Amino acid sequence: MRIALAQINPVVGDLKQNTAKLIRCCRKALSGGADLVVFPELAVTGYPPQDLLLYNGFILQVEQIIKEELAPLTAGRAPSILTGTPYRVEGELYNAAVFLENGTVKRVHRKTLLPNYDVFDEKRYFTRSPELAVEMMNDLTVAVTICEDIWNDRDFCPHPLYDLDPVEELVRMNAAVMINLSASPYNQGKQSLREKMVGHLATKHGIALIYLNQVGGNDELIFDGTSLVYNNRGELIYRAASFAEELFFIESDALFSRPKQQVSPIKEDIGTIYRALCLGIKDYLAKTGFCSAVLGLSGGIDSAVTAAIAADALGAENVVGLLMPSPYSSEHSVEDARALAENLGIDYRIMPIEKPFLAFLELFNQDGGPAQDLAEENLQARIRGNQIMFISNREGHLALTTGNKSELAAGYCTLYGDMAGGLAVLADVPKVMVYELAAYLNRLHGKEVIPQRTISKAPSAELRPDQKDEDSLPPYPELDPILNLYIEENLSPAEIIARGHRAETVYQVTALVDRTEYKRRQAAPGLRVTTRAFGSGRRMPIARGYDY
């Protein structure tokens, strides 16, 4: 049997476009001699469709597409289709994999394990499968699973979340091949973890395992693809592209024989984060109807990295940078911002904020001179936010915010100022990692696109004379590990202190995080690259009294 595996990038809710993509893949699979073409989890709707699933009309359209557009493709000598889709059985909605053959829906395989943690909320929409079954496909006994169904092996997961291991049950039914339809979002380390887990299952159970993953950016989530095929000895025989679509073919004989050449374990590094962010920016703009982006360029590291990634993702001709110096901006910051824009080849404009700033100072300080307080610092950020949004509105660019995860966590950002925009590119990238990205970008381009002075100078918001970030925050190499333990590992201040961090700093940092939750609730969507991002993956109350 020749199997075509379609690692596709669907648009959530765009049933017409997604169906057209599935049909094109089926035609390519037919011309490639495939007997079966497989698509990822919820390929018809894109993942995650969220509350679109609550609309009966949406589900009716999906079911109509399955029966009237996709099933007929399998008539005659055409290949069978296995695709992920929402599907109702006896009035209950399931996250399903429908097997289409000879022009009809032959079987509906339903997801057994419904994740309800981090960014996942499947129990809100779907019913758990009441049964497990194998499928005969060209004399092969095939088990069909969907994403989470394979993530509950008690030998691999020290604390299984569910009372059932579907893989174990399906192996007892003499499954020789397991096909897993996935929509598994990327986070740092996820690719390596997947390979270890899928390889472990193939080795442990002596089954061939095909892992087919969605690719593409959908809001804050970035799906990397990186689909995997293991033979029944647990040897990796094929790895699909990362962060790109791919249609590839596997012969069933290869699932039970030694690979012709060894596939090396995947290597994840800062370049993987870069590629994820590029895809996240590109797809967010494309899927929301934008072609270009605008952002502020301060001469600092965050705006430089954001601009460089945006230029790579969208093309330099589709990025506009605004240089908006205030009376407190250093001369070298303007020089560095200009150099960055010229190195990248992006359009840039110098729009000083001094005149509106002085007008506001006169308006708000009628009883005396400038106070140089927090209100006046934030005023500068808000004037800049207004200028960015004016250009965004007038010229049709999406506004990118440039703040990093460390700043967003500590509240070192201004509501309606530097937080104003449509997409927060670095919102899940800690400050130390921002510097790693800057160095990587210069290596990638083979030249200094980000000025060395931008990388080496002390970070500063430049909202008052001689200001430095360390006036308000611990040094980032000290701050970021504490934030990681508090936000990603859910440790209490006492537990973080027990890890060797200074008590005074820990209490300062955790207090900053807690009291600025209201800011993050109003922030632009941020691209997720760590195991715990702000947004749907971390839901904390704003009005709270618990202080550990």
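Just a few scattered comments:
- The range 82-132, subset more than 27 Å from the chain's Cα centre (by Cα) and assigned to a loop (DSSP other than H, G, I, E, B), residue nearest to SER536 (Cα to Cα): SER129
- Helices (runs of 4 or more DSSP H) within the range 484-548 that include 1 or more residues closer than 30 Å to CYS278 by Cβ and among the hydrophobic types (A, V, I, L, M, F, W, C): 503-515
- Qualifying position, being in contact with a strand residue (DSSP E or B) (Cβ under 7 Å, 6 or more places away or on another chain) and among the hydrophobic types (A, V, I, L, M, F, W, C), among VAL105, VAL171: VAL105
- Within the range 391-415, the set of residues being outside any loop (DSSP other than H, G, I, E, B) and not polar (S, T, N, Q) comprises ILE391, ARG394, GLU395, LEU398, ALA399, LEU400, LYS405, GLU407, LEU408, ALA409, ALA410.
- Among (1) crowded, with 24+ Cβ neighbours inside 10 Å; (2) part of a loop (DSSP other than H, G, I, E, B) - the single one GLN188 does not satisfy: (1)
- Screening the range 476-508 for residues that are among the charged types (D, E, K, R) and without any contact (Cβ under 8 Å) to a residue 60 or more places away in the chain and picking the one that is surrounded by the fewest Cβ atoms within 10 Å (Cβ to Cβ) gives GLU504.
- Residue within the range 65-77 that is modelled with pLDDT of 95 or more, within 24 Å of TYR284 (Cβ to Cβ) and either touching a Gly at 6+ places or on another chain (Cβ under 6 Å) or small (Gly, Ala, Ser) (or both) present: no
- Within the range 52-71, considering residues that are without any contact (Cβ under 8 Å) to a residue 40 or more places away in the chain and open to solvent by less than 90 Å² (accessible area, probe 1.4 Å), the one farthest from the chain's Cα centre (by Cα): ALA71
- Some residue of the range 5-19 being in a helix (DSSP H, G or I), open to solvent by 10 Å² or more (accessible area, probe 1.4 Å) and free of Cβ contacts under 8 Å to residues at least 24 places away in the same chain: yes
- The one condition from (1) open to solvent by 20 Å² or more (accessible area, probe 1.4 Å); (2) of a type in the set (D, E, K, R); (3) in contact with a Cys (Cβ under 9 Å, 6 or more places away or on another chain) that LYS111 does not meet is (1).
- When ILE383, ILE455, ILE388 are screened for being of a type in the set (Val, Ile, Thr), touching a Gly at 6+ places or on another chain (Cβ under 6 Å), within 21 Å of SER330 (Cα to Cα) and in a helix (DSSP H, G or I), only ILE388 passes.
- Filter pass, THR203 being among the β-branched types (Val, Ile, Thr) and under 21 Å from the mean Cα position of the chain (by Cα): no
- Residue in the range 32-44 that is surrounded by fewer than 16 Cβ atoms within 10 Å (Cβ to Cβ) and touching a strand residue (DSSP E or B) at 6+ places or on another chain (Cβ under 8 Å) present: yes
- Filter pass, ASN442 being buried (at least 16 other Cβ atoms within 10 Å of the Cβ), out of contact with any Leu (no Cβ under 6 Å at 6 or more places or on another chain) and either charged (D, E, K, R) or under 30 Å from GLU335 (Cβ atoms) (or both): yes
- Any hit, the range 510-527, residues being open to solvent by 50 Å² or more (accessible area, probe 1.4 Å), more than 26 Å from LEU437 (Cβ to Cβ) and either free of Cβ contacts under 8 Å to residues at least 60 places away in the same chain or of a type in the set (Ser, Thr, Tyr) (or both): yes
- Scope the range 399-433; condition of a type in the set (Val, Ile, Thr) and in contact with an Asp or Glu (Cβ under 6 Å, 6 or more places away or on another chain); matching residues: THR402, VAL432
The values are calculated or read from the model by the stated rules, or taken from the named source; none is laboratory data. Small disclaimer: the values here were computed from a predicted structure and weren't measured. Note that each Cβ is placed from the backbone with ideal geometry, even for glycine, and that neighbours are counted across all protein chains shown. The accessibility values were calculated without ligands, DNA or RNA, using every heavy atom of the protein model including side chains. Shrake-Rupley method; radii C 1.70, N 1.55, O 1.52, S 1.80 Å.
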